DNA sequence: CGTGTAAGGAATTCTGACACG
DNA sequence: CGTGTAAGGAATTCTGACACG
């Protein structure tokens, strides 16, 4: 129930060109969000970025926030908060 | 229960090079199986083939059969039989 | 029948930079 | 800060063909 096999959602196999078409934003923006550490594609041996469907969902979320005027810095903050919450559950202090 | 939204499994977004790496067979073989109508990738505007995870599963199946000495012709026959069975359920003759 | 290979062209992706603001 | 663009190089993919068997 808690442990789940990695599904297709998390396999990083989509090229940036396709991600751009699917999400509707430019490759430049996608690369910038990576630079700002909001998204983490895999790299092939050659250096090509590969994204998962999960990454695309995350991107959709980022796009929405950006449209609401949220800065990448703030989006990153929220991300870190979430991670800390997850850590808390793993190493719960009593 | 019967109708299901198209999941990530059926989104055709994987390039032939990645399919080759994932399945372990050459691009030549993958293209040949398409020529023999065993597999049906999508084409981008430019003409690049795009495969889904479902396509990859199907390929794995084809590879196994080929290793057992089954010819592409026979594999295709089985495919058509399956389709007919499905059709039978849709247009059942009484 | 099933697969390898060399050939040439066209589209993709990458990085670092300059630009505007 | 967030995004556009031109630049040049490197890797990808495509098709049609010849080869072996």
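The values are calculated or read from the model by the stated rules, or taken from the named source; none is laboratory data. As the structure is a prediction and not an experimental result, all values here were calculated from the model. Note that we place each Cβ from the backbone using ideal geometry, even for glycine, and neighbour counts take in every protein chain shown.
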(request) Identify the residue in the range B:9-19 that is surrounded by 16 or more Cβ atoms within 10 Å (Cβ to Cβ) and more than 17 Å from residue A:9 (Cβ to Cβ) and, among all such residues, is farthest from the other protein chains (Cβ to nearest Cβ). (result) B:16
(message) I'd like the residue in the range A:38-61 that is closer than 13 Å to residue A:9 by Cα and assigned to a helix (DSSP H, G or I) and, out of all such residues, is farthest from the chain's Cα centre (by Cα).
(response) A:53
(request) Taking only the range B:52-71 into account, find how many residues are in contact with a helix residue (DSSP H, G or I) (Cβ under 7 Å, 6 or more places away or on another chain) and closer than 20 Å to residue B:16 by Cβ. (result) 8
(message) Condition check: within 12 Å of chain B (Cβ to nearest Cβ) and more than 8 Å from DNA strand D (Cβ to nearest atom). Does residue A:55 satisfy that?
(response) yes
(request) Collect the residues in the range A:62-71 that are part of a helix (DSSP H, G or I) and either exposed (fewer than 14 other Cβ atoms within 10 Å of the Cβ) or in contact (Cβ under 8 Å) with a residue 40 or more places away in the chain (or both), keeping them in residue-number order. (result) A:63, A:64, A:67
(request) Please state which one of A:75, A:25 is away from chain B (no Cβ under 14 Å), farther than 24 Å from residue B:8 by Cα and surrounded by 17 or more Cβ atoms within 10 Å (Cβ to Cβ). (result) A:75
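Residues are listed down the side, and each one gets a yes or a no for (1) at pLDDT 95 or above; (2) at negative phi; (3) within 14 Å of another protein chain (Cβ to nearest Cβ); (4) more than 15 Å from DNA strand D (Cβ to nearest atom):
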site	(1), (2), (3), (4)
B:7	no, yes, yes, yes
B:30	yes, yes, no, no
B:37	yes, no, no, no
B:45	no, yes, yes, no
B:85	no, yes, no, yes
